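Let me begin by presenting the structure, written as structure tokens, before commenting on it.
The values are calculated or read from the model by the stated rules, or taken from the named source; none is laboratory data. Treat the numbers as computed from the prediction; the structure is a model and nothing was measured. All Cβ positions, even for glycine, are placed from backbone atoms using ideal geometry, and neighbour counts span all protein chains on display. To get the accessible areas, we keep the full protein, side chains included, count just its heavy atoms, and leave off ligands, DNA and RNA. Shrake-Rupley method; radii C 1.70, N 1.55, O 1.52, S 1.80 Å.
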Amino acid sequence: MFRTLRPDPVLIQAVIAGALSFAHLHDLAAAAGQDGWKAWAYPVSVDLLLVAAWRRMRKDGGNRDAWLWFAIALIASLGANVATAGLLDMNDVPDWLRILVAGWPALAFLGGTLLAHAHTPEPEPAAEPDLEPAAPDLVVERVPDPAPELPPAEPAAQETPSTPEVTPEPATPAPAASVPPALLDHARKIANAHHAQTGAPIDAATLRARLGIPAPLADSIALQLA
């Protein structure tokens, strides 16, 4: 199958502009004393330097040398187009223009050599994908604090057997101290917990240590809980 050839307006415009610029450079070189094949070599040299600088600019946009030689080649091409537009007497070319045309081959050779041997920046290596599996999220569960253990019940003091010869006098009972109802309720809860843990009723010494109260008040509470 054959593809249908379609004319590209941009390509046609580029061919026309290149041909006109080529002809202007040839006419200027011929007017400056470069006759024969040399007049045809000048436009080729200018266009090749322009293309080489443009390609270097595409690879390395920050290369100042490429921008410099692109500007030099563009000025040479535009200068020839303007000079041959009737602003310059082609039959009497000034000496400074003859010098510029005669020195162009060396200048173009220098620019082409520098552009050809310019350092091309190496592309940065792509980052390797991380193939290691991501660590799963850890969920930390807080273990509730264990309930405080009740101190072991202190053994009741053993009573010393009384001597039959000495008859002890009856002790006068101490007056019962007034106990606030809230403190009595709290003491009853502690006594119940102590009894459930040890199996024995709580004594006044343990109750005093647990509540942090004076001994008379602890004895009064113990009597009321008995």
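Computed values, structure above
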quantity: Selection from the range 61-116 of residues that are out of contact with any Phe, Trp or Tyr (no Cβ under 9 Å at 6 or more places or on another chain) and among the β-branched types (Val, Ile, Thr); calculated: Ile72, Ile75, Val82, Thr84, Val93, Ile99, Thr113
quantity: Residue check for Ala108: open to solvent by less than 90 Å² (accessible area, probe 1.4 Å), at pLDDT 75 or above, in contact with a His (Cβ under 8 Å, 6 or more places away or on another chain) and not acidic (Asp, Glu); calculated: no
quantity: Counted residues, the range 82-97 - those being exposed (fewer than 11 other Cβ atoms within 10 Å of the Cβ) and not in a helix (DSSP H, G or I); calculated: 3
quantity: When residues of the range 22-81 are limited to those that are closer than 15 Å to Val101 by Cβ and assigned to a loop (DSSP other than H, G, I, E, B), the one most open to solvent (accessible area, probe 1.4 Å); calculated: Asp35
quantity: Any chance Arg6 is charged (D, E, K, R), at pLDDT 80 or above and either part of a helix (DSSP H, G or I) or open to solvent by 60 Å² or more (accessible area, probe 1.4 Å) (or both); calculated: no
